[in-house]
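In what follows, a structure is listed as structure tokens, so that the remarks can point back to it.
The values are calculated or read from the model by the stated rules, or taken from the named source; none is laboratory data. Not measured: the values here are computed from a predicted model. Here the Cβ is made from the backbone with ideal geometry for all residues, glycine too, and neighbour counts use every protein chain on show.
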Amino acid sequence: MANERAWGRERSVELGTGRRPRRTRAYLLRAIDYRDADRIVTLLTRDFGRLSAVARNARRSRKRFGGSLESFMELDVELRWGRGDLATLGSAAVAQAHLGLVADLRRMRCAGACLELVRLLAPEREPEPRLFEAVGAMLETIEASAPEEAADRGLSFCARALAIVGWAPDLETCGVTGRRCPPEQPAFFDPKRGTIVARSAGGGPLLLHGDTRRTLRASFEDPSLRIGWSPRARQEAADAIRGLVRAHLDRELSSAWARALGG
């Protein structure tokens, strides 16, 4: 694992120092207005992982950006790197739009919550092709789903994203005693350990019922995102995901994320 992390760092440095323009596909994760007309954008790119770039004059230049710097679109972008930490976004064009998402508020909120988690989980300057592909599948699946199914699809994606980046918790074996928990039995979950913990070993702050653990485990492996959640399982799983992010990144998923996917 240490060698893999070291390789990732070397690869990210290699990708981030080239001076010639590079084209890739990307999803917009966040955009912040900067100075008079620029924007700082956070992108998940197919070839370079998550990165931040400055889109100069983005609020004025329709030729280079038009209406492309919007969420829920797959973009074809041109990037340049200089001496600083930020790349420069030379141009962006829509490769695939998901207009059905913005036509329904519930779908839009759920897809936005998924992208919020991706922005926190995705490694910086380290390509993760499976995560990039999963984002595209998520946008297509939520766009095609009934509005009342959007939260289920979004939460299934969030569980799948955890597994892709290596964060899937152990929901079967106590992290202290090593004993397996019967499949249908409730178990205490400790986000700091990333495992369930038996009551006799101190337990954990979150209780996950058997159907919650079963549905989460299925979502880790199922790329279709078509797993159904009971209301209780959805709430418990959302609490577990928020707990993992808080424990390991010292960050908080927003209340909007919880309202979109946890209720």
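Key figures for this structure:
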{"item": "Residues of region 213-263 satisfying the condition of being touching a residue at least 40 places away in the same chain (Cβ under 8 Å) and of a type in the set (Val, Ile, Thr)", "result": "227, 241, 245"}
{"item": "Candidates 176, 197 - the one that is modelled with pLDDT of 95 or more, over 22 Å from residue 258 (Cβ atoms), touching a strand residue (DSSP E or B) at 6+ places or on another chain (Cβ under 8 Å) and buried (at least 18 other Cβ atoms within 10 Å of the Cβ)", "result": "197"}
{"item": "Cβ-Cβ under 9 Å pairs, at least 6 apart or on other chains, region 140-162 side free of Cβ contacts under 8 Å to residues at least 24 places away in the same chain, far side crowded, with 24+ Cβ neighbours inside 10 Å and not small (Gly, Ala, Ser)", "result": "149/142"}
{"item": "The listed residue being over 25 Å from residue 185 (Cα atoms), assigned by TED's automatic domain parsing to the domain that holds residue 179 and surrounded by fewer than 13 Cβ atoms within 10 Å (Cβ to Cβ), out of 249, 253", "result": "249"}
{"item": "Sole residue being touching a His at 6+ places or on another chain (Cβ under 8 Å) and either more than 25 Å from residue 243 (Cβ to Cβ) or not hydrophobic (A, V, I, L, M, F, W, C) (or both), chosen from 132, 72", "result": "72"}
{"item": "Some residue of region 42-57 being of a type in the set (Val, Ile, Thr) and within 16 Å of the chain's Cα centre (by Cα)", "result": "yes"}
{"item": "Criterion: of a type in the set (Lys, Arg), in contact with a strand residue (DSSP E or B) (Cβ under 6 Å, 6 or more places away or on another chain) and at pLDDT 70 or above - qualifying residue of 59, 46", "result": "46"}
{"item": "Residue selected from region 204-219 under the condition among the hydrophobic types (A, V, I, L, M, F, W, C) and under 21 Å from residue 153 (Cβ atoms), by the criterion surrounded by the most Cβ atoms within 10 Å (Cβ to Cβ)", "result": "216"}
{"item": "When residues of region 145-166 are limited to those that are among the hydrophobic types (A, V, I, L, M, F, W, C) and more than 23 Å from residue 230 (Cα to Cα), the one surrounded by the fewest Cβ atoms within 10 Å (Cβ to Cβ)", "result": "165"}
{"item": "Residue list for region 185-224, restricted to those being part of a loop (DSSP other than H, G, I, E, B) and touching a helix residue (DSSP H, G or I) at 6+ places or on another chain (Cβ under 8 Å)", "result": "185, 186, 191, 192, 194, 205, 209, 222, 223, 224"}
